Amino acid sequence: MRPSGDESARARETATAPVTSEEDALRAKVLDSFKVVCICNKIKKGTILKAIAGGAKNLGDVKRATRAGTGACGTQRGGVTRCTAAIREMLEEAKRARDLDTPEADQ
Ligand code: FES
């Protein structure tokens with residue numbers, strides 16, 4: 001069945017609508033978690049965030065938990081892989097979020 005003109009227009013409107021509601025924000029967050037951060041090993045952002053939430057505190061912990069950052073791209077770049085900066089940024093962001101959650105931060 002073909003969509004009516006109204007349905008079609010609504011679908012176009014929804015596809016281009018800015019993120020406004022909580023549901024849309026959650027949807028954007030889920031889609032973001034499927035982004036591939038480590039191209040060499042095809043490791044998604046969600047996998048890395050899960051490792052960080054599970055206790056990974058530094059780059060080495062993330063590498064051991066996910067294999068992100070252990071690919072061949074580092075051999076031509078002095079051991080610094082393409083995804084290292086993104087992983088470090090996620091670790092820093094998680095650290096900042098943890099610091100904000102501590103009771104001392106409220107004082
Ligand atoms: S992109 Fe992650 S190891 Fe190459």
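The values are calculated or read from the model by the stated rules, or taken from the named source; none is laboratory data. What you are looking at is a predicted structure, and each value in this text was computed from that prediction instead of being measured. Quick reminder, even Gly has a Cβ in these numbers, built from the backbone with ideal geometry, and neighbours come from all protein chains shown.
Scanning the stretch 29-80 for residues that are hydrophobic (A, V, I, L, M, F, W, C) and within 10 Å of the ligand (Cβ to nearest atom) returns Val36, Val37, Cys38, Ile39, Cys40, Ile43, Ala68, Ala72, Cys73, Val80. How about the stretch 86-102: which of its residues are surrounded by 12 or more Cβ atoms within 10 Å (Cβ to Cβ), more than 10 Å from the ligand (Cβ to nearest atom) and small (Gly, Ala, Ser)? The answer is Ala94, and nothing else.
The residues of the stretch 51-107 that are more than 12 Å from Cys38 (Cβ to Cβ), among the basic types (Lys, Arg) and touching a helix residue (DSSP H, G or I) at 6+ places or on another chain (Cβ under 7 Å) amount to a single one, Arg88. Scanning the stretch 1-47 for residues that are part of a loop (DSSP other than H, G, I, E, B), at pLDDT 60 or above and over 21 Å from Glu89 (Cα atoms) yields Ser4, Pro18, Thr20, Ser21. Just so you know, in the stretch 50-68 the residues that are surrounded by fewer than 18 Cβ atoms within 10 Å (Cβ to Cβ), of a type in the set (A, V, I, L, M, F, W, C) and over 17 Å from Val80 (Cα atoms) include one that is farthest from the chain's Cα centre (by Cα), and it is Ala65. A count restricted to the stretch 19-49 and to residues that are hydroxyl-bearing (Ser, Thr, Tyr) and surrounded by 12 or more Cβ atoms within 10 Å (Cβ to Cβ) stands at 2. For the stretch 48-72, the tally of residues that are assigned to a helix (DSSP H, G or I) and farther than 22 Å from Asp99 by Cα stands at 5. If we scan the stretch 73-85, do we find a residue that is surrounded by 10 or more Cβ atoms within 10 Å (Cβ to Cβ), modelled with pLDDT under 80, among the aliphatic types (A, V, I, L, M) and in a loop (DSSP other than H, G, I, E, B)? No, the conditions are met nowhere in the stretch 73-85.
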